[in-house]
Amino acid sequence: MDDTAALKALDIHYGLAFGCPAADLRRAGWTVVAARDDCDPMALLFGKRMLLSLLLPAPLPDVAAVAAPRSGVALVASELRAPVAALLRESTPDVGLGAADIAALTHLITQLAPTSSLEAAHSHIRYTTSATFSPYRGPWQEWIEPLDEAGETDTTALRLLATYSSGAYVVRSEGAIVSYAGVRAQSPYISEITVRTDSIELRGHGLAQAVTSRATKAILAAARLPLYRHPAAHVPSHRVARALGYRFYADALEFVAATQ
């Protein structure tokens, strides 16, 4: 999959996720879509309700140089659609999601849906292809192992296998898992990687890059597109993405609250 095909696949994927045509992800300005509460998988599986989800794709490479207006899609709980749409109309997605934008949205949602369980998450979504991927070649690659349900008795390993249905790649220290990259299929052609290093002492030593690289290799070998989503302000994740050749696809912002 080349870069053009990868971006097309991502647009289709997120268009389906947001319930709008893929073309809306490239239409200048904001597209606001009302969420369907009766089929929210987050509410059914995790007892949480999505109040607002924003996606701001980066400009396509062939239009980025001409400063074309950017686009954004907002999936909003039905009762919040009108006031959120009014707020978004006062701004444009051209400059991405800044602190002032997030503060204004947080203030509005807190007023409209007062709850002590409101969670806001600003993240960056990145992808890579076989042409841009730069695999890790450091010493940790000899320590990485794919988890195998048939041979595992460790409860942490079994929990990872249950959570990440497409596999998990781990590093152990003294028998305990200290870092992992879990893979979850998001569609027939896209797989998302979740990375964590639990050992505070070993953070900053390349483990996250190593396990992410191994998971990326497995996804590409299966002819799928690797997706890496991480907190926007998390500097180590930016370093991992840059080192492995991941490219920026979109800004994302989500507001979630516990269901009553």
List every residue whose amide H lies under 5 Å from the amide H of Ser173, counting only residues 5 or more places away in sequence or on a different chain, with H placed 1.01 Å from N in the peptide plane.
Val178
Not counting the cut sites, what is the longest span of the chain without trypsin sites (Lys or Arg not before Pro) that DSSP labels loop and that have at most 11 other Cβ atoms within 10 Å?
138-260
For region 127-139, in order, what is each residue's ³J(HN,Hα) by Karplus, 6.51 cos²θ - 1.76 cosθ + 1.60 with θ = phi - 60°, in whole Hz (x at glycine and Pro)?
9, 8, 10, 4, 7, 9, 5, 10, x, 5, 10, x, x
For the chain, accessible area per residue (1.4 Å probe, heavy atoms of protein chains only), Å²
51
Using a Förster distance of 22 angstrom, determine the FRET efficiency expected from the C-beta separation of Ala23 and Asp3, and round it to 0.05.
0.70
Point-to-point label distance, Ala34-Gln141, nm (Cα→Cβ direction, 7 Å offset)
5.3
Contour excess over end-to-end distance, with Cα ends at Leu60 and Ala258 and 0.36 nm allotted per residue
67.7 nm
Using modelled backbone amide H atoms (1.01 Å from N, in-plane), which distant-in-sequence or interchain residues come within less than 5 Å of Val32's amide H?
Ala74
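The values are calculated or read from the model by the stated rules, or taken from the named source; none is laboratory data. Predicted, not measured: the structure shown is a model, and the values here were computed from it. In this analysis, Cβ positions are derived from the backbone assuming ideal geometry, glycine residues included, and neighbour counts consider all displayed protein chains. All accessible areas refer to the heavy atoms of the entire protein, side chains included, with ligands and DNA or RNA removed. Shrake-Rupley method; radii C 1.70, N 1.55, O 1.52, S 1.80 Å.
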